[in-house]
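Okay, structure first, notes after.
A short reminder: the numbers here are calculations on the coordinates, not readings from a lab. Just so it is clear, the structure is predicted and the values come from calculations on it, not from any experiment. Positions of Cβ are generated from backbone atoms using ideal geometry, with glycine treated the same way; all protein chains shown enter the neighbour counts.
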Amino acid sequence: MRIIIEDAPDELVREFASLIARSQGVLEEGAAGRSADGWTESRAEHLLYDLPPYAVELLRAVVAGDGWAPVASLAGECGGVSLRARTVAMTRAVSRGAAAGKWPRDIPAPVYPRQDPDRTTGRRVVGYVMPGETLTGFRAALRRFGR
C-alpha cells in the first residue's frame with residue numbers, strides 16, 4: 001500500500017495517520033519492503049536535529065518502549081508541552097526534510113497516535129506507536145544523537 005498526502009492541513013494528516021494506525025496489520029503490511037525509502041539511521045538523525053526537545057522526547061519514549069508509549073507515561077514531560085504540539089512539530093519537520101530532499105516526499109511519519117475507538121469524549125489517543133523497521137533506524141540514531 002502506498003499513500004501520498006501533499007499540501008494537506010496538519011489536522012487532516014494527523015487524522016489520516018490515526019486511521020492507519022488503528023489497524024496495525026495494515027500498517028505493517030504497507031511498511032514491508034520499504035526500508036530503502038523509510039527511516040534509515042541517517043534520516044532519523046537528521047530529523048532529530050530538526051526537532052524541538054519536546055518532540056525528541058516523544059520519540060525517545062516510543063523507542064524506549066520498543067515501539068509503544070502510552071499517553072500516561074508522557075504526561076507532564078517537557079514543561080507541560082501538549083502531545084499535539086509534539087506531533088505537529090514532527091509533522092512539520094518531516095515535511096521540511098522532504099522539501100529539502102533529505103528523504104522521499106511519501107515517507108511516513110515515524111510515530112502514529114493509537115486511539116481508543118470506544119471513547120467518544122475526552123482524550124481518545126491512548127498512546128503512540130512506531131513500526132519495527134522505523135524503530136531500528138531511530139534506535140540507532142538516538143544512540144548517536146547529541147542532545
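Quick look at the values:
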{"item": "Packing-based order for 112-120, 42-50, using average beta carbon neighbours within 10 Å, highest first", "result": "42-50, 112-120"}
{"item": "Peptide ranges 53-59, 90-96, 66-72 listed from the most packed, as the mean C-beta count within 10 angstrom indicates", "result": "53-59, 90-96, 66-72"}
